[in-house]
Amino acid sequence: DASRGALVTLVRADGGAARSVGMHFALADDGRAFGSVTIGGCADGRALEAAFEVLRDGIRRLITLPLGEEDAVALGLSCAGDVELLIDAVQTAGHGNGTALDAAGAALARGERVVLLTPVDAEGERAVVLEGGTRVPDVPTSEAAFTSALANAALRGESGAEGVKHDTAGRRWLVQLLTPPPLLLIVGATDVAAVLCTLAASLGWHVVLIDPRDSALADPRFGVAAECCAGMPAELVAARATAGAAVVIVAHDYKVELPVLRGVLPGHATYVGMLGSRKRGSAMREMLAQDGLAPDAIARLRSPIGLSIGAQGAAEIAVSIIAELIATWRGAPALTAANGR
């Protein structure tokens, strides 16, 4: 059954502060690999061998592997040391992984963040804390060791590990925040959109391309988008532009742009941008003001969009837009936008 797999999790790395604790690597029983926990040297082979053993017998393993100086540096350690890997049998198809993983998967599909608690020692099952505090199954999150870790995880904007914490019984738990991939809504099946789809998909973002024309969406260049939606753009964007989403309008058509902006600017999308010159952006803001849109909502419109890198042509323009999106999602200091905006 190709849906079976082994999940390798890096739970500890001695020798200095590691960037990779909490990273996963999944091995399907048909030989396919997903994710990456690159340890280095012969340690990679030993980890792979242990993963195949878990595939064969379904028994969880906790293994410790020594690292030489060179391998440690590659993993982000300041000096040589040991790494600890937890290897579990899972279902790569997403079913039958237990209550906690199923709950986590469902929450991520809804666009919610979750805190995953993984027991590091040989016994115990994973648990998950959902937004709002629901625990599946109930775990001792009232303990001080968990309380601070969960609070820190909830404040962080992206996936990452808080590290291993001990409960009062002495058991070790890896505390991780899992977040859904960033949602990018692109309006307009254009040349710039085609490059945006390719770049954003390569970054692991969830790309939704929206256009009124079925025929335009059928272009093979848009095949990398997670979703291609034909219909009224204003309605489709309004249904998807939740907090944290980015809306990039590259249609260059007032009949499409105005309705979308009227609906999305008063909302909670993290980023709303429209392709066009400074003059065109000013004209759009004037029309939105005439429509009665509040000044603070209009001020959220980024037009022109993209960082000021002297971009020319569809590909370079798309790169500048992607760069501005990354800066926005990462909370980078204010940068110069296109055309000096």
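Sort through A318, A297, A327 and tell me the only one that's in contact (Cβ under 8 Å) with a residue 60 or more places away in the chain, assigned to a helix (DSSP H, G or I) and open to solvent by less than 30 Å² (accessible area, probe 1.4 Å).
Details: A297 fails: in contact (Cβ under 8 Å) with a residue 60 or more places away in the chain; A327 fails: in contact (Cβ under 8 Å) with a residue 60 or more places away in the chain.
Step by step, each of A318, A297, A327 is checked, and only A318 is in contact (Cβ under 8 Å) with a residue 60 or more places away in the chain, assigned to a helix (DSSP H, G or I) and open to solvent by less than 30 Å² (accessible area, probe 1.4 Å).
Set side by side, the residues G263, G310 differ, and just one is part of a loop (DSSP other than H, G, I, E, B) and open to solvent by 10 Å² or more (accessible area, probe 1.4 Å), which is G310.
Considering the range 17-98, there are no qualifying strands (runs of 3 or more DSSP E) wholly inside with 1 or more residues that are modelled with pLDDT of 75 or more and touching a Cys at 6+ places or on another chain (Cβ under 6 Å). Only one of the listed residues (A161, A153, A145, A169) is at pLDDT below 75, closer than 21 Å to R12 by Cα and part of a strand (DSSP E or B). That residue is A161. When residues in the range 218-244 are screened for being surrounded by fewer than 18 Cβ atoms within 10 Å (Cβ to Cβ) and either more than 22 Å from the chain's Cα centre (by Cα) or in contact (Cβ under 8 Å) with a residue 60 or more places away in the chain (or both), 10 of them pass.
L258 meets all of the listed conditions (1) open to solvent by 50 Å² or more (accessible area, probe 1.4 Å); (2) assigned to a helix (DSSP H, G or I); (3) more than 27 Å from I326 (Cβ to Cβ) but one, namely (1). Counting the residues of the range 266-284 that are out of contact with any helix residue (DSSP H, G or I) (no Cβ under 8 Å at 6 or more places or on another chain) and part of a loop (DSSP other than H, G, I, E, B) gives 2.
The values are calculated or read from the model by the stated rules, or taken from the named source; none is laboratory data. Predicted, not measured: the structure shown is a model, and the values here were computed from it. Every residue, glycine as well, gets a Cβ built from its backbone with ideal geometry; the counts of neighbours run over all protein chains shown. Note: areas computed on protein heavy atoms with side chains; ligands, DNA, RNA excluded. Shrake-Rupley method; radii C 1.70, N 1.55, O 1.52, S 1.80 Å.
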